[in-house]
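Notes to accompany the following structure.
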Amino acid sequence: MGDDIQVTFGPKLRQDDLLGVWPSDYPSDGVLFVLNQAGANDTYSKKMGAGAGITWSHDKLVASALFVSEDASNSSIGFLTDEGKDHITTQLAWVDDKFTLAAAYTQADNGNTDNSPDVNDYSSYGISGSYQFGDDYSLSAGIGWKNPENEDNPDTAMNKVEDGNTWSVGFLWNDAFIEGNKFGFGIGTAETHRDDSGYDDPLAWEAFYDFTVNDSVTVTPAIFVIEQDGKEDVNGALVKTTFEF
């Protein structure tokens, strides 16, 4: 549709497949999913289903609009219906040689038709970006806000359908110590934080090192911590092997 406009559609797509810009240099296939959503976890939920998107770009300005329907494969529900689990996202981004900055808005309904409190029926906003320091270093950060369509009443620590926020910061070092290898560290909210008395504001963090064995194989040892509200932390270590063909 011309050099400035791109249209994408298909029966099985992920939300970020349809965005004109992914506003983070931190790896999207990192150890903890909660740290690879550009800090705005509810806005960039990465839901999957049938969808379509359109992106317009001009110089350094990029605008996108998209929808993804999780229930589109169900013929009795379809997509963009009251009963379907639909996610609609718009994004406006500025892409420069050294930095990227994007603002996005997502409306998700979870097929909620009775206006009951539902943690997956919400609107959300996010501001995310990245900055490159020279050729090898980058810092990515983002923050997001979530507003459920219908909150729990009364608003207590036991009732969790309420306004919240997320954030994350990620550092990536390319060619770390050895050319082709990478070191990364990320930290952020372990879940959507709520403004409740006694809430622990749990965080998550990870550190990893990518060893490039050859053009097809990468080995990644990593450590991570996931804090939990009112529970013991989850600590772990792993080694991930990635094959590319």
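The values are calculated or read from the model by the stated rules, or taken from the named source; none is laboratory data. If you're wondering where the values come from, they're calculated on a predicted model, not measured in any experiment. Every residue, glycine as well, gets a Cβ built from its backbone with ideal geometry; the counts of neighbours run over all protein chains shown.
A few comments on the model shown:
- Residue pairs whose Cβ atoms lie under 9 Å apart, separated by 6 or more positions or on different chains, with the first residue in region 177-202 and more than 17 Å from Ser140 (Cα to Cα) and the second among the aromatic types (Phe, Trp, Tyr) and in a loop (DSSP other than H, G, I, E, B), are His193/Tyr199.
- Residues located in region 113-146, provided they are under 30 Å from Glu179 (Cα atoms) and surrounded by 18 or more Cβ atoms within 10 Å (Cβ to Cβ): Ser128, Gly129, Ser130, Gln132, Ser138, Ser140, Ala141, Gly142
- Tyr125 meets the stated requirement of being in contact with a Gly (Cβ under 9 Å, 6 or more places away or on another chain), closer than 24 Å to Ser24 by Cα and modelled with pLDDT of 95 or more.
- Positions within region 118-135 being over 16 Å from Trp167 (Cβ atoms), of a type in the set (S, T, N, Q) and under 17 Å from the mean Cα position of the chain (by Cα), in sequence order: Asn120, Ser123
- Across region 218-245, the number of residues qualifying as more than 23 Å from Gly170 (Cα to Cα) and either without any contact (Cβ under 8 Å) to a residue 24 or more places away in the chain or out of contact with any Asp or Glu (no Cβ under 8 Å at 6 or more places or on another chain) (or both) comes to 4.
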